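Readers should treat all values here as calculations from the given coordinates under stated rules, not as data from a laboratory. All values derive from a computational prediction rather than experimental measurement. Glycine gets a Cβ as well: all are built from the backbone with ideal geometry, and neighbour counts include every protein chain shown.
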Amino acid sequence: MQVFDPAREADGRPSIASWYTPTIGPYDSSDPAVIEYQLLTMKLAGIDGVIVDWYGRAEFRDHAALHRATTRIVEAAARLGMSCAICYEDQTVPALVEAGRIGAADRISHAAGELRWLADHWFGLSSYARLDGQPLLLSFGHAGLDDEEWTKVLDELATPVAYLSEHRRRPAAVGAFDWPVPQEGIAAVKAFNERSGEWPQRIPVVYPRFHDIYAEAKVHASWGHVADDDGATFRETLAAALGTGASIIQVATWNDWGEGTIVEPSREFGLRDLAVIQEARRARDAGFPWTRDDLDLPRRLLEARRRGVTGERDRLDRAAAALRAGRASEARSLLAVGN
């Protein structure tokens, strides 16, 4: 956010755009070893897949760099037995118009072109998430394309998609997904779960807290605050989401450190929220092989990869394969060596 410097420390922690600190320290989201760690940690917690916030492919701002990182995530998800899906940030369309990168008359054709790229490259992957047999596509917010434009964009696609908009169901959508509303807190979650009951599809949200750093980063005023409440917020939203019977539940978020909604392991909260997910998963899947003690195994794998000891790669690759396949005893044994 142009204010913080991860190479510098303040009060005993790296200077990053967050009130919280990753257990593994500041990281590069395109680092293959970090991606492997993140996806395997999700997997051991009982999470089936990841929805990636995608800004398109344009060489504009940091969008191309994010696209390259997303490509690595999509490839890693397929390799590690995880699902993936895209949430399109259509706010990029008016930003491209304002910057003179596309014409105002090209909003629909640009967005349709981006989605056709997704259809050609990712929608057909066996690892790409589906809903009612169709590729899952989300769009974030309502500051980009309007309802009529979204209808026209989807009409241009040869590949039908299961499209869900944020908070409210657009006319072209099969439903909507929920997201934290810090000004309203848990009341907003309950309201969404109630009004979405008659829609063909919905994705309820689960989140632990909202504590952004936008004011301190001089971006804009804070959006508001939802207390962690010693994990009660997470447990309450998870129970509410499970109670809807929805096909997909979204945890918001894995690593939006700037808004503090993270469930990725942190110095402050450790593995707490992932253990809650894991417990809920085990209650529904008697064959689920992982325990809370196992949740730290991907971190140990990452640390071993970072050490880069000569001759260790084969063992670490076999450990990753065991984690992927649910071979708990083998994974523990391989990661006990040299750790």
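Ordering Ser266, Ser15 from the fewest to the most neighbouring beta carbons within 10 Å gives Ser15, Ser266. Taking 0.36 nm per residue of sequence separation and removing the Cα-Cα distance, the Glu59/Glu216 pair yields an extension gain of 53.7 nm.
Need the full-extension length gain, Asp229 to Thr151, defined as separation in residues times 0.36 nm minus the C-alpha distance. One decimal, nm. If you can, show how the numbers build up before the last one.
On the way: separation 78, 0.36 × 78 = 28.08 nm, distance 4.08 nm.
That pair, Asp229 and Thr151, stretches by 24.0 nm at full extension.
I'd like to compare 237-248, 200-211: which one has the highest average count of other Cβ atoms within 10 Å, and what's the full order after that? Working shown, then result.
Details: 237-248: 17.2, 200-211: 23.1.
Top of the packing list down: 200-211, 237-248.
Of the GluC sites (Glu not before Pro) found in the stretch 6-82, those in coil by DSSP whose Cβ has at most 16 other Cβ atoms within 10 Å are Glu59. Database remark: amide H of Ser266 closer than 5 angstrom to the amide H of Thr23 (H placed geometrically; neighbours at sequence offset of 5 or more, or on other chains; Pro and chain starts carry no H). A simple spin-label model places the labels of Asp5 and Arg306 2.1 nm from each other, with each point 7 Å out along Cα-to-Cβ.
Counting only DSSP H runs of at least 4 residues, each contributing -39500 (n - 2.57), and dividing by the residue count of the chain, the helix-based mean residue ellipticity at 222 nm comes to -12000 deg cm²/dmol.
Please state the shape class of the stretch 71-215: rounded when a/c is under 1.5, otherwise prolate if a/b exceeds b/c and oblate if not, all from the C-alpha gyration tensor. Let's see the in-between values first.
Values: a/c = 1.42, a/b = 1.16, b/c = 1.23.
Rounded, because the longest to shortest axis ratio a/c is under 1.5.
Please give the contour-minus-distance gain from Ala275 to Ala99: 0.36 nm per residue of separation, less the Cα-Cα distance, rounded to one decimal in nm. Let's see the in-between values first.
Values: separation 176, 0.36 × 176 = 63.36 nm, distance 4.47 nm.
Fully extending the segment from Ala275 to Ala99 adds 58.9 nm.
Counting other beta carbons within 10 Å of each residue's own, what order do His63, His225, His220, His110 fall into, fewest first? Mind dumping the intermediate values first?
On the way: His63 18, His225 14, His220 9, His110 21.
Result, fewest neighbours first: His220, His225, His63, His110.
How high is the relative contact order of the stretch 290-339? Use alpha-carbon pairs under 8 Å, at least six apart in sequence, and give a whole percent. For the stretch 290-339, the relative contact order is 41 percent.
By the count of neighbouring beta-carbon atoms within 10 Å, fewest first, Asp5, Asp256 end up ordered Asp5, Asp256.
Positive end of the dipole of the stretch 138-229 (Cβ unit charges, origin at the Cα centre): among Leu157, Gly144, Val189, the Cα lying farthest that way belongs to Val189.
How big is the gap, in Å, between the Cα center of the stretch 1-22 and the Cα center of the stretch 123-196? After rounding, the separation between the Cα centres reads 34 Å.
Placing a label point 7 Å from the Cα of Asp31 along the Cα-to-Cβ direction, the residues of the stretch 301-323 whose backbone N falls under 14 Å of that point are 301-308. Return a whole-number percent for the relative contact order of the stretch 30-164, with Cα pairs under 8 Å and 6 or more residues apart as the contact set. It comes to 25 percent, rounded to a whole number.
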